[in-house]
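Chemist: Have a look at this one before I ask anything.
The values are calculated or read from the model by the stated rules, or taken from the named source; none is laboratory data. A quick note: this is a predicted structure, and the numbers were derived from the prediction, not measured. Ideal geometry is used to build each Cβ from the backbone, glycine not excepted, and the neighbour counts take in all protein chains shown.
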Amino acid sequence: MRLVKIGLASVNTTVGAFGANVDRALAIADRMAGDGVTLAVFQEQLVAGYAAEDLVQWQGFVDRQWDELERFARATAALPMASVLGLSVAHRGLRYNCAAVVGGGQVLGLVPKEKLPTYNVYYEQRTFNPGWPQMAETHRGVPFGDYLFRFDFGVVAPEVCEDFWSADGPVRRRAYSGAEVVANVSASVYRIGIEQTRRELIGTRAADHQVTYAYANAVGANDALIFDGGGFVNQNGKWMGEAPRFREGCAAFTVDLDRTLRLRTESTTWRGDYADYVRAHPPVPTLDVPAATLDTAAARRDLSYPVPAHRSFFLPSPEPPRSPREALCEDLLDALALGVGDYFEKNRAFTQIGVSLSGGRDSLLTLLVAHRYASRVRPDDPGALLRAFTMPSRFTSGATRGAAETICAELGVPLETVPIDDALDRELAAVRAMLGPDQEVTELTRQNIQARIRAQRMWNWSNSSGGLFLQTGNMSEKAVGYTTVGGDLMGAIGVLANVPKTVVMYLLDYLLERTGYDGIRQVLARPAGPELAHDQLGEEELMPFPILDACFHLFAAEKLVPGEMEGVLATMFPEVPAERIEAHVAKFARLFLRSIYKWVQAPISLHVGNLDLDRERALQLPVVTSPEWTRTPPPATAEAEAVEAARGVAVPADD
């Protein structure tokens with residue numbers, strides 16, 4: 001046996017906080033060494049924090065990272081443990097996203113990332129250059145390029161995040177060159193369902209290439225990006241361990257690297273592929289790390305063979321898995337709470353968190369998310385960190401006010417009631433004075449004034465108290481402009497701005513089951529509506545929310561045009577007449593394209609899915625655009641066919 005203990009570390013970093021980030025990593029490194037870890041795998045961009053974006057264009061921003069890397073090496077010099085961690089490197093005028101290998105007080109080598117994502121929320125090709133196969137250079141006297149590292153315990157292949165997401169990534173050539181452990185340092189953002197995707201990919205890569213995969217992910221939130229942490233160790237397709245998510249810390253798992261090599265000898269497919277590859281390609285160079293530099297043998301003698309906790313190699317663990325409902329809801333709620341909490345803490349500009357409660361679903365869920373965070377940092381009195389406000393008008397029902405009072409009492413959150421009717425009357429008078437003699441205040445203006453008064457008061461509270469004003473709107477209504485610029489679209493950060501309305505309601509149903517809060521029950525008992533006019537209902541003014549969310553997905557995520565969407569929706573909702581489906585689709589497309597100018601003005605919003613209404617990070621659409629391209633072209637007439645024929649253009653016959 002050749003036993004090795006692999007540690008996976010997730011550090012909650014802040015972009016630019018080099019010293020603090022490394023201090024946190026060093027504390028975890030000491031814990032891992034005390035636990036007998038042989039190889040510690042940290043995360044991508046550990047030193048700088050992720051995503052640094054254009055900050056890497058500052059030479060000083062990159063150079064300072066090297067100083068901290070050397071400090072990490074010095075501070076871990078006495079530990080019988082190798083470490084792999086991420087940082088930016090400026091080399092010959094270019095920037096690289098690298099994995100650094102450290103041990104025995106030295107920086108042993110640098111391996112740059114090869115696959116630079118520039119999609120969804122990632123923009124790495126904007127600032128970084130990729131490494132390449134057989135890259136062999138030197139940076140500050142340290143090997144820099146496509147290298148493996150042979151320690152006294154085995155051969156390690158460092159790798160950075162996206163490199164394992166590509167089937168054409170570097171793991172193939174590195175495994176055929178002798179790598180036994182792939183140490184992947186990652187900063188992979190949370191989005192719904194991503195954990196299962198990571199799990200499947202890591203298992204596939206480990207099995208295909210007959211290696212032990214060690215994957216460590218960043219944790220915490222920076223701006224709108226949420227990193228859920230966690231990590232995996234998979235040996236040749238067999239799961240050896242999984243690190244917990246949504247918290248800073250580490251986990252360690254022991255593997256027998258002789259098993260990795262033995263399984264290679266048993267796999268005739270792998271051996272055949274290996275023989276074909278090595279005949280046609282040069283090997284990846286391996287750097288030998290002598291025992292005089294790093295000796296792990298004595299520490300490894302205390303390791304024990306990995307055995308199942310339930311003492312069976314054949315039976316599954318008796319621990320019941322989470323249901324899909326629980327997994328979805330708990331992960332999403334944890335992600336949102338982490339995003340709110342880290343934005344609140346890392347900005348260092350706020351002393352408390354404020355929510356304007358309308359009595360509706362969105363503001364209620366926003367308050368519950370903030371309370372979830374506050375309960376973790378102030379378990380004795382989470383309400384002390386929060387403030388809630390209700391600003392009723394003449395259109396606000398008694399049931400709405402009662403729901404707000406009930407949930408705040410149940411959560412222990414202070415609630416202030418500040419009516420807006422007087423302010424509404426004053427604003428209406430002011431608007432009338434500004435209009436021409438033939439102009440009247442519109443009904444839409446009457447409604448928007450209420451939303452803007454509430455937002456202005458929240459900003460005034462924020463300015464005076466140092467409070468973080470949470471924007472509460474959801475993605476579905478934001479997508480179609482069912483929101484007010486300068487009103488409910490405003491806030492310091494959008495908590496639910498990338499959460500569809502149907503998901504908001506699903507989460508509230510789940511939380512009601514879990515908590516039994518009567519305030520949730522009271523809100524869910526009433527139809528959803530903004531209460532900016534009498535008897536106002538959201539689904540009546542827009543369309544049923546399931547259809548709205550389906551339209552949003554098909555149009556914005558799947559990139560279907562309205563004619564295609566109608567057929568899909570007819571299959572999804574057979575009970576809805578075809579003419580109603582057609583009307584809903586036409587209305588959605590019209591409202592969506594007309595509302596881009598609105599949602600580009602929204603505050604930064606937490607990223608929790610593969611599609612965001614965030615023009616800077618995800619869905620980049622021009623604000624000024626014609627809807628003509630969404631319309632189905634009319635059938636060709638005989639006159640049009642004659643014109644086209646005269647131009648020499650063939651007109652296809654009807655099927």
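Chemist: Can you find, within the range 287-324, the residue that is surrounded by the fewest Cβ atoms within 10 Å (Cβ to Cβ) among those that are over 34 Å from the mean Cα position of the chain (by Cα) and charged (D, E, K, R)?
Modeler: R311
Chemist: Turning to a different aspect of this structure: With the requirement that a residue be modelled with pLDDT of 95 or more, farther than 15 Å from S267 by Cβ and not in a loop (DSSP other than H, G, I, E, B), what does the range 172-195 give you?
Modeler: R173, R174, V181, V182, A183, N184, V185, S186, V189
Chemist: Give just the number: which of (1) modelled with pLDDT of 95 or more; (2) of a type in the set (A, V, I, L, M); (3) within 26 Å of G402 (Cβ to Cβ) does I547 not satisfy?
Modeler: Evaluating I547 over (1) modelled with pLDDT of 95 or more; (2) of a type in the set (A, V, I, L, M); (3) within 26 Å of G402 (Cβ to Cβ) leaves (3) as the failure.
Chemist: Any idea which of (1) within 19 Å of I520 (Cα to Cα); (2) at pLDDT below 95; (3) of a type in the set (F, W, Y) is the one F395 doesn't satisfy?
Modeler: (1)
Chemist: I would also like to ask the following. Which residue, of G19, G34, G49, is assigned by TED's automatic domain parsing to the domain that holds V255, on the phi > 0 side of the Ramachandran plot and out of contact with any Gly (no Cβ under 6 Å at 6 or more places or on another chain)?
Modeler: Only one candidate qualifies: G49.
Chemist: Kindly check whether there is at least one residue in the range 141-149 that is in a helix (DSSP H, G or I) and either surrounded by 24 or more Cβ atoms within 10 Å (Cβ to Cβ) or touching a strand residue (DSSP E or B) at 6+ places or on another chain (Cβ under 8 Å) (or both).
Modeler: No, every residue in the range 141-149 fails to be in a helix (DSSP H, G or I) and either surrounded by 24 or more Cβ atoms within 10 Å (Cβ to Cβ) or touching a strand residue (DSSP E or B) at 6+ places or on another chain (Cβ under 8 Å) (or both).
Chemist: Inspect all residues belonging to the range 30-40 and state whether any of them is of a type in the set (D, E, K, R) and crowded, with 24+ Cβ neighbours inside 10 Å.
Modeler: No: the range 30-40 contains no residue that is of a type in the set (D, E, K, R) and crowded, with 24+ Cβ neighbours inside 10 Å.
Chemist: Continuing with this model, one more query. Which of (1) outside any loop (DSSP other than H, G, I, E, B); (2) buried (at least 16 other Cβ atoms within 10 Å of the Cβ); (3) free of Cβ contacts under 8 Å to residues at least 60 places away in the same chain does E539 not meet, given it meets every other one?
Modeler: Failed condition: (2).
Chemist: Another question about this same structure. Evaluate the range 578-598: report whether one residue or more is of a type in the set (A, V, I, L, M, F, W, C) and not in a helix (DSSP H, G or I).
Modeler: no
Chemist: Within the range 26-55, take every residue that is closer than 18 Å to A221 by Cβ and not in a loop (DSSP other than H, G, I, E, B) and give me the one that is modelled with the lowest pLDDT.
Modeler: Looking at the filtered set, the residue picked out is E53.
Chemist: Kindly indicate whether any position in the range 415-437 is within 32 Å of the chain's Cα centre (by Cα) and outside any loop (DSSP other than H, G, I, E, B).
Modeler: Looking for residues that are within 32 Å of the chain's Cα centre (by Cα) and outside any loop (DSSP other than H, G, I, E, B), one finds at least one in the range 415-437, hence yes.
Chemist: Do we have L512 as surrounded by fewer than 18 Cβ atoms within 10 Å (Cβ to Cβ), in a helix (DSSP H, G or I), modelled with pLDDT of 95 or more and of a type in the set (A, V, I, L, M) here?
Modeler: So L512 fits the description; yes.
Chemist: Filter the range 394-446 for residues that are over 30 Å from Y373 (Cβ atoms) and among the polar types (S, T, N, Q) and give the result.
Modeler: Residues satisfying the conditions are Q439, T442, T445.
Chemist: Can you tell me which condition G131 does not meet? The list is (1) surrounded by fewer than 23 Cβ atoms within 10 Å (Cβ to Cβ); (2) farther than 22 Å from A9 by Cβ; (3) not charged (D, E, K, R), and all the others hold.
Modeler: (1)
Chemist: Right, next: Please work out which residue is nearest to V4 (Cα to Cα), limiting yourself to the range 82-107 and to residues that are touching a residue at least 60 places away in the same chain (Cβ under 8 Å) and surrounded by 24 or more Cβ atoms within 10 Å (Cβ to Cβ).
Modeler: A82
Chemist: Moving on to the next point. Those residues that are assigned to a loop (DSSP other than H, G, I, E, B) and over 30 Å from L613 (Cβ atoms), I need them from the range 97-125; list them, please.
Modeler: Within the range 97-125, G104, G105, E114 qualify.
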